[in-house]
Amino acid sequence: MVLRGGGGADPEGTRDDGPALSALKRLERSQRTDRLDALFGFERPAEPCERTGWLINMHPTEVLDEDRRAVSAVDYYFIQEDGSRFKVALPYRPYFYVATQQGCEREVSSFLAKKFQGKIAKLETVPKEDLDLPNHLVGLKRHYLKLSFSTVDELVKVRKEISPAVRKNRERDQASDVYTSMLSSALAGGSLTTAEEGASKKITNQMDNIVDMREYDVPYHMRLSIDLKIHVAHWYNVRYRGSTFPPEITRRDDLVERPDPVVLAFDIETTKLPLKFPDAETDQIMMISYMIDGQGYLITNREIVSEDIEDFEFTPKPEYEGPFCVFNEPDEAHLIQRWFEHVQETKPTIIVTYNGDFFDCNVLPFLKVRAGFCAHILIVLSRWVKRDSYLPVGSHNLKAAAKAKLGYDPVELDPEEMCRMATEEPQTLATYSVSDAVATYYMYMKYVHPFIFALCTIIPMEPDEVLRKGSGTLCEALLMVQAYHANIIFPNKQEQEFNKLTEDGHVLDSETYVGGHVEALESGVFRSDIPCRFKMNPAAFDYLVQNVEKTLRHAIEEEEGLPLDQVTNFQEVCDEIKVKLNSLKDVPNRIECPLIYHLDVGAMYPNIILTNRLQPSAMVDEATCAACDFNKPGANCQRRMTWQWRGEFMPASRSEYHRIQQQLESEKFPPLYPDGAPRAFHELSREEQAKYEKKRLADYCRKAYKKIHVTKVEERVTTICQRENSFYVDTVRAFRDRRYEFKGLHKVWKKKLSAAMETGDASEVKRCKNMEILYDSLQLAHKCILNSFYGYVMRKGARWYSMEMAGIVCFTGANIITQARELIEQIGRPLELDTDGIWCVLPNSFPENFVIKSTNAKKPKVTISYPGAMLNILVKEGFTNDQYQELQDPASLTYVTRSENSIFFEVDGPYLAMILPASKEEGKKLKKSSCHQILLIFPQQPKTLCP
């Protein structure tokens, strides 16, 4: 995206998991990078100085310290307010933690200091909050050895030596019988702890006392950003004190407006053989079209293009201007030279392509092969389209994305016709080429640029990574930031458990939880001006009439935060609602024009997490609770919640599985390398063993049971600790509240923009528009992360992994929607169930919105949506957590218990029409995910929200 810190090197070569390079080669690479960066304006300060800059990128590097030794550092790239650029390198020691047997920290520390002398720069013992430690809520901390290094290369070498020992020691500890140890200790007449410590200290090889290794796989540039809170897209004061001192980088939160980096978006057209993909080795570039800060350029290869192209304009819409200046070059070499010269002249900080990771519209294979062009990292627009645009799967190409997001039909050509057009219709081909550059540039500037840099303000990654990584990875990076600053040690990534057994001894093939339920209940055309037939239940209206006062009281006091004694027309509104409900009760079967509503729960999954204090470390079992000092009679800290588990397992029993294992142990298996000796079963890796076991067991089940899978769904109950360290929940809550804050600021600047447009002040209009885009992108970035907290906990390899938590969130959400459906079925007609909402039609005479008047100066009038209020009182009664506990006094470990419920329905509509397609098969209905693609909804009134 921006200038790489590694020049032409492979991007992964600068990461801590790349190949180890000699110090000399790494130094040469760093110097080459400096030369390339200087060409684009990013030079290191020559003299001590203090500057203010906006951080646009960061990359790992190595620099020389005062003793002329190489040390790891991170290059930070800044843009100043006047557009000038500079970079500084901040040295920082990479590190990881190791855990030892209890009481062996000193012995292991001395051993490691001697064994890795010259590699470990610093070794210290630090107390960390370990959420896996029994009884940690009373303040117990685990002591870890922190191993710091001068370079990432040294860290990798030491990690490779320690890792096998840790794996072997962990397997040894899992195989040992705890009860045997306790019995032998008791018979010896000593305490268990003393016996264990004595045995551990007498071990000859102290590597056997290393039982765990943590935070060894955190990328170096992320490590520094997490520890020092240096994130891209913030303003910083940079104080450079010379090459012998590290620079001081201080965040400036008072500066908000972003500078305008130079953005280049490009597209190329190449020759190709018929019905073949272009080949970088043999095919040539016909045209390169690109836009730099709104000005377009086209470079043509006259060896292939039959005539000169004159300057022209391609402006598909007034807001997407495209004036193009054309350079007609004699051959491909001059075309590439012209391109390079212009890039070096304009010095773009961001280069954008649509599909740069693949071949379509990709200049990299050609320019790498033909010219060695590798100095930049590209923003690949298709990554954003696939992850964040919410476009359907079939609309991920540039043409479909431009049509959906930019609102115009781009120029399209058959790829098989392009070579012919270069000769016969060069102007048509030129128009097609520049249309892709225009679409790429304006889609990036309108949607991707503000969104990506908004994410960078909260995620400790460089912009290119923020775009490419999955939302679960971004969520984990954020949790790592919060955990570090709460002094919590990171868990290791979740590892796959091979051939796991069920409680009754069957081999599990897969296990998961039952997710949310989606269903299209009806099909057809529903319009607000076409009467519908309603068959309602009078008893349901009796229930609603009896609860009108309670429903309105909850809506006014809990949702609007308005004291009831300040309301002046409470009883009038209640009476008006009762009259309408009684009218519906008297004639339950009627034909009436419908009100088409979408009733959905606002941020349902995050709010379920917050209401029930759900977090992976809070999923506890009886053993965990038995070791806790708070587990006393009458303790109210254990909240039991239900979820549904679904597993596929093989029908063979445990004894049959063991017989197959015994059979495999007597067999030989193919060698690992050609011409090698056959291997015994115990010589295989655990993954290979599991593969052979599962294959042999599947063959056996196919013959003996005539099936290889049995599917089982069962309800399980999991205990959630309501006193667990709340860093996960606090992170979710902070993000939810911050998003609401940014949404509010977005509305404020939108009003200021309208006012500025009325006055006609061009500079103020531009400033207000930039601020509006800034806060809109910030709230959208927070929404993206907020919705990932639930799905992340079931992601393979997640540090904070919990299938139970994901299952509870889904099951609770499904129960909320099911309860809403049961009520809607009695007072209207549900049309479609979503994971977090329900589409329905209600009679036109059903109570809708009511204005509540009050004596409160800030809220003289509030509008209450009765359909939302009636569902919210049901949620309050059925899903409030009365066991929510907060730590009031950390010194005395005093907790306060209160009720918590942040789950609220929002009301969208009413709408003019809704079209639900029917299934192609008789007797079957479409799932919501299928029909959503062709669902047509026409809004009638603005959204009414219940906060």
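Of all residues in segment 304-355, exactly one satisfies the criterion of being in a strand (DSSP E or B), open to solvent by less than 40 Å² (accessible area, probe 1.4 Å) and in contact with a Pro (Cβ under 8 Å, 6 or more places away or on another chain), namely I350. Checked against (1) under 18 Å from L501 (Cβ atoms); (2) part of a helix (DSSP H, G or I), H682 passes all but condition (1). Could you pull out the residue among G5, G53 that is surrounded by 12 or more Cβ atoms within 10 Å (Cβ to Cβ) and at pLDDT below 80? None of the others qualify; the one that does is G5. Name the residues in segment 408-456 that are open to solvent by 50 Å² or more (accessible area, probe 1.4 Å) and within 32 Å of the chain's Cα centre (by Cα), would you? Residues satisfying the conditions are D409, M445, K446, Y447.
The residues in segment 240-291 that are surrounded by fewer than 15 Cβ atoms within 10 Å (Cβ to Cβ), within 30 Å of R338 (Cβ to Cβ) and not basic (K, R) can be counted, and the count is 6. Of the residues in segment 523-530, not one is under 30 Å from K783 (Cβ atoms), aliphatic (A, V, I, L, M) and at pLDDT below 95.
Every condition in (1) at pLDDT 90 or above; (2) surrounded by fewer than 18 Cβ atoms within 10 Å (Cβ to Cβ); (3) in a loop (DSSP other than H, G, I, E, B) is met by D227 except one, and the failing one is (3). Contact map, segment 795-820: first residue within 14 Å of W645 (Cβ to Cβ) and free of Cβ contacts under 8 Å to residues at least 24 places away in the same chain, second residue open to solvent by 10 Å² or more (accessible area, probe 1.4 Å) and not in a loop (DSSP other than H, G, I, E, B), Cβ cut-off under 9 Å, separation 6 or more or different chains; the map is empty. Here are the criteria: (1) under 44 Å from the mean Cα position of the chain (by Cα); (2) closer than 24 Å to I817 by Cβ. Tell me which single one A539 does not satisfy. Unmet for A539, out of (1) under 44 Å from the mean Cα position of the chain (by Cα); (2) closer than 24 Å to I817 by Cβ: (1).
Of all the listed residues (P127, P60), the sole one being open to solvent by 60 Å² or more (accessible area, probe 1.4 Å), assigned to a strand (DSSP E or B) and touching a residue at least 12 places away in the same chain (Cβ under 8 Å) is P127. Of the helices (runs of 4 or more DSSP H) entirely within segment 380-445, those holding at least 2 residues that are among the aromatic types (F, W, Y) and either touching a strand residue (DSSP E or B) at 6+ places or on another chain (Cβ under 9 Å) or over 22 Å from V263 (Cα atoms) (or both) occupy 426-443. Quick check on K469: is it without any contact (Cβ under 8 Å) to a residue 24 or more places away in the chain, within 19 Å of S802 (Cα to Cα) and surrounded by fewer than 21 Cβ atoms within 10 Å (Cβ to Cβ)? Answer is no for this residue. When the residues of segment 649-665 are filtered to those that are touching a Phe, Trp or Tyr at 6+ places or on another chain (Cβ under 8 Å) and without any contact (Cβ under 8 Å) to a residue 60 or more places away in the chain, the one that is most open to solvent (accessible area, probe 1.4 Å) is E665.
Among the residues of segment 710-732, the ones that are in a helix (DSSP H, G or I) and either at pLDDT below 90 or buried (at least 17 other Cβ atoms within 10 Å of the Cβ) (or both) come to 5 in all. Would you confirm whether or not segment 34-43 contains a residue that is in contact with a Phe, Trp or Tyr (Cβ under 7 Å, 6 or more places away or on another chain) and either assigned to a loop (DSSP other than H, G, I, E, B) or open to solvent by less than 30 Å² (accessible area, probe 1.4 Å) (or both)? Yes, the conditions are met somewhere in segment 34-43. Once segment 874-909 is narrowed to residues that are open to solvent by 10 Å² or more (accessible area, probe 1.4 Å) and in a helix (DSSP H, G or I), the residue that is nearest to Q638 (Cα to Cα) is F879. Exactly one residue out of A280, A233, A265 is within 26 Å of I351 (Cα to Cα), among the small types (G, A, S), part of a strand (DSSP E or B) and modelled with pLDDT under 95, and it is A265. Do the conditions hold for R69, that is, is it crowded, with 16+ Cβ neighbours inside 10 Å and basic (K, R)? Spelling it out, it is not the case that R69 is crowded, with 16+ Cβ neighbours inside 10 Å and basic (K, R). Mind checking which residues of segment 910-937 are of a type in the set (A, V, I, L, M), open to solvent by 40 Å² or more (accessible area, probe 1.4 Å) and either closer than 28 Å to R736 by Cβ or at pLDDT 70 or above (or both)? Selection gives L912, I915, A918, I937. Restricting segment 582-608 to residues that are open to solvent by less than 30 Å² (accessible area, probe 1.4 Å) and assigned to a helix (DSSP H, G or I), the residue that is nearest to F850 (Cα to Cα) is L584. Being within 26 Å of V601 (Cα to Cα) and basic (K, R) narrows it down to one of R767, R795, R799, so name that one. Residue meeting the stated conditions: R795.
Listed by position, the helices (runs of 4 or more DSSP H) enclosed by segment 758-841 that each have at least 2 residues that are out of contact with any Phe, Trp or Tyr (no Cβ under 8 Å at 6 or more places or on another chain), modelled with pLDDT under 85 and surrounded by fewer than 20 Cβ atoms within 10 Å (Cβ to Cβ) are 762-786. Taking the criterion of being of a type in the set (F, W, Y), under 32 Å from the mean Cα position of the chain (by Cα) and outside any strand (DSSP E or B), would at least one residue in segment 853-868 satisfy it? No: segment 853-868 contains no residue that is of a type in the set (F, W, Y), under 32 Å from the mean Cα position of the chain (by Cα) and outside any strand (DSSP E or B).
Residues in segment 143-162 that are under 30 Å from the mean Cα position of the chain (by Cα) and open to solvent by 30 Å² or more (accessible area, probe 1.4 Å) were compared, and the one that is nearest to A626 (Cα to Cα) is K146.
Within the option set D212, D217, being farther than 21 Å from I459 by Cβ and either at pLDDT 85 or above or in a loop (DSSP other than H, G, I, E, B) (or both) holds for one residue only, D212. Restricting segment 533-581 to residues that are among the polar types (S, T, N, Q) and open to solvent by 60 Å² or more (accessible area, probe 1.4 Å) leaves a set whose member that is farthest from P830 (Cα to Cα) is T568. Do you know which of the residues in segment 869-908 that are at negative phi and over 33 Å from the mean Cα position of the chain (by Cα) is modelled with the highest pLDDT? Only one residue fits best here, namely M870. Picking from residues in segment 852-872 that are touching a residue at least 60 places away in the same chain (Cβ under 8 Å) and surrounded by fewer than 19 Cβ atoms within 10 Å (Cβ to Cβ), the one that is nearest to I817 (Cα to Cα) is T863.
The values are calculated or read from the model by the stated rules, or taken from the named source; none is laboratory data. A quick note: this is a predicted structure, and the numbers were derived from the prediction, not measured. Glycine also receives a Cβ, built like all others from the backbone with ideal geometry; neighbour counts cover every protein chain displayed. The protein model used for the area step is the full one, side chains on, heavy atoms only, and it has no ligands, DNA or RNA in it. Shrake-Rupley method; radii C 1.70, N 1.55, O 1.52, S 1.80 Å.
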